């Protein structure tokens, strides 16, 4: 069995969406960042960086969401992470693109507009938010263009790149970044959000999210 130690922000959600989509047997272990669970000696034995998510499998630990998703898909020999080297690289390229480009700016917006106020870290950086919104929109336009004749991101087939990217794009709603200019991206998002795997993953973290927001 796999054991995933995580919170409920995008890095954990990427792994939860993929694990649910792969249909593997796993246990979700909530790490309460607000209470400092990630700074305990026990958690630090799992990962030297003290960040979630962390995958536990067969007595071994793995951190960083991308490697976790790729590892589980590889262990399970899932067609969602193709064995063909070029097809696999195409999945990797979209996972990397979202991590380094639109996902970077969407996550910055989420931190500025959602995390900072809740954590009592001050007001959002208005100039930083403006830049992040502009760059995220530019980069999401590229994705929208790519989806003109395609349903999914890589190899004209559903892959782990899609639920992985979902965890970034879904943040747009929370930070009031309109996707109306990207109809194909919106369609992709709606189809993903209707999948049973996504519904299960969100239900898994909902009680923890509500508890934190109620503090």
### Summary
Quick note on 46, 13, ordering by fewest other C-beta atoms within 10 Å, gives 46, 13
### Message
Taking a ≥ b ≥ c as the square roots of the Cα gyration tensor eigenvalues, with a/c under 1.5 meaning rounded and otherwise prolate when a/b beats b/c, else oblate, which class fits region 140-201?
### Response
oblate
### Ellipsoid semi-axes in whole angstrom, largest first, where each is sqrt(5λ) of the Cα gyration tensor of region 132-172
19, 13, 6
### Task
Grab the Cα-Cα distance for residue 209 and residue 40, subtract it from 0.36 nm times how many residues apart they are, and report the gain in nm with one decimal.
58.7 nm
### Query
Among 114, 160, 68, 199, which comes first, second and so on when ranked by fewest other beta-carbon atoms within 10 Å?
199, 114, 68, 160
### Summary
Assertion target for 3, 51, ordered by fewest C-beta neighbours within 10 angstrom first, is 3, 51
### Task
Enter the Cα centre distance for the pair region 74-153 and region 6-40, rounded to the nearest angstrom.
18 Å
#### Entry: Within a Gaussian network of the chain (alpha carbon springs, distance under 10 Å), most fluctuating of 34, 103, 66
34
### Message
Sort 16-25, 200-209 by the packing proxy (mean of other Cβ within 10 Å over each peptide's residues), most packed first.
### Response
16-25, 200-209
## Note on the structure
region 85-195, Kirkwood Rh and Cα Rg, ratio Rg/Rh at 1.00
### Summary
Heads up, region 1-96 by the C-alpha gyration tensor (a ≥ b ≥ c square roots of eigenvalues; a/c under 1.5 rounded, else a/b over b/c prolate, else oblate) looks prolate
## Note on the structure
With the 8 Å Cα cutoff and a minimum separation of six or more residues, the chain has a relative contact order in percent of 23 percent
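Each reported figure results from applying straightforward, stated rules to the coordinates on display, with no laboratory input. For clarity, every value in this text was computed on a predicted model and none was experimentally measured. Cβ: placed from backbone, ideal geometry, glycine included. Neighbour counts: every protein chain shown.
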